[in-house]
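Notes follow the structure.
The values are calculated or read from the model by the stated rules, or taken from the named source; none is laboratory data. These numbers come from a predicted model, not from an experiment. Note: ideal-geometry Cβ built from the backbone for every residue, glycine included; neighbour counts use all protein chains shown.
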Amino acid sequence: MFVSVICDMGSEDSRSALYNLLPQYGFERVQKACFECTSMNDKLLSALKRDIDRITDSYDTLRFYQFPVDGTLALTVLKDNKWRRIVVRDPKQPRE
């Protein structure tokens with residue numbers, strides 16, 4: 001799956017740790033605070049989120065744009081040390 005990570009880090013330490021971690025998972029930096037990976041799988045993404053939990057605090061915010069996730073776009077947000085997921089469906093497609 002394709003995953004884009006947008007970072008808004010609260011400190012230089014967490015920014016540096018995250019920017020060093022993402023390439024280890026195959027991410028390439030495409031803008032100042034945006035990384036992309038085109039070959040992510042669910043197992044690797046779960047491991048990445050666990051590693052991110054270890055290096056972030058409540059001042060850090062991340063947004064993951066993931067496609068496809070069951071044929072939809074998923075937006076996963078880390079804010080206040082909590083992960084939340086929003087699934088964006090095509091309104092023209094019937095739900096299964």
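General observations
- Residues in region 33-44 that are in a helix (DSSP H, G or I) and either in contact with a helix residue (DSSP H, G or I) (Cβ under 7 Å, 6 or more places away or on another chain) or of a type in the set (Ser, Thr, Tyr) (or both): 44 only.
- All of 69, 77 fail the test of being surrounded by 10 or more Cβ atoms within 10 Å (Cβ to Cβ), more than 22 Å from residue 17 (Cα to Cα) and in contact (Cβ under 8 Å) with a residue 12 or more places away in the chain, apart from 69.
- Entry remark, region 21-48: residues being among the charged types (D, E, K, R) and either under 11 Å from the mean Cα position of the chain (by Cα) or at positive phi (or both) number 1 in total.
- Restricting 87, 30 to those that are in a strand (DSSP E or B) and under 19 Å from residue 9 (Cβ atoms) reduces the list to 30.
- Residue in region 34-50 that is of a type in the set (Ser, Thr, Tyr), surrounded by 15 or more Cβ atoms within 10 Å (Cβ to Cβ) and at pLDDT 95 or above present: no
- Residue in region 52-64 that is at pLDDT 95 or above, in contact with a strand residue (DSSP E or B) (Cβ under 6 Å, 6 or more places away or on another chain) and either closer than 15 Å to residue 1 by Cα or exposed (fewer than 15 other Cβ atoms within 10 Å of the Cβ) (or both) present: yes
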